[in-house]
1. Would you calculate a helix-derived [θ] at 222 nm for the chain, using -39,500 (n - 2.57) for each DSSP H run of n ≥ 4 and dividing by the full residue count, to the nearest 500?
2. Here are some values of Cα extents along the principal axes in Å: (i) 50, 26, 14; (ii) 35, 29, 21; (iii) 46, 23, 21. Which one was computed from this structure?
3. Contact order normalised by length for the chain, with contacts defined as Cα pairs under 8 Å and 6 or more residues apart; what percent is it?
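Every read-out reported here was derived from the displayed coordinates using simple, explicitly stated rules and does not represent laboratory data. What you see is a predicted model, and the numbers here were worked out from it, not measured in a lab.
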């Protein structure tokens, strides 16, 4: 059996935003990943202020007030928190 490897490019987040139902992450290369907010219960229950306090870290996003970390690769794979 062989494995297909795909070059996914730069997986660094550039921006994070929320809609009423989604977490939307813009990557450094301009792509956007939108995932259902209900996949991330801590983020769904968080206040606007807590959601806004995030740090972009290598390969992901960290919310210090919530002790929540999401990896870009996991989001692309459809992994829930």
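1. On the way: 3 runs with 16 residues, N = 81.
Helix contribution divided over all residues of the chain: -4000 deg cm²/dmol.
2. Checked against the structure: label (iii).
3. On the way: 114 pairs, mean separation 18.6, N = 81.
About 23 percent, as a whole number.
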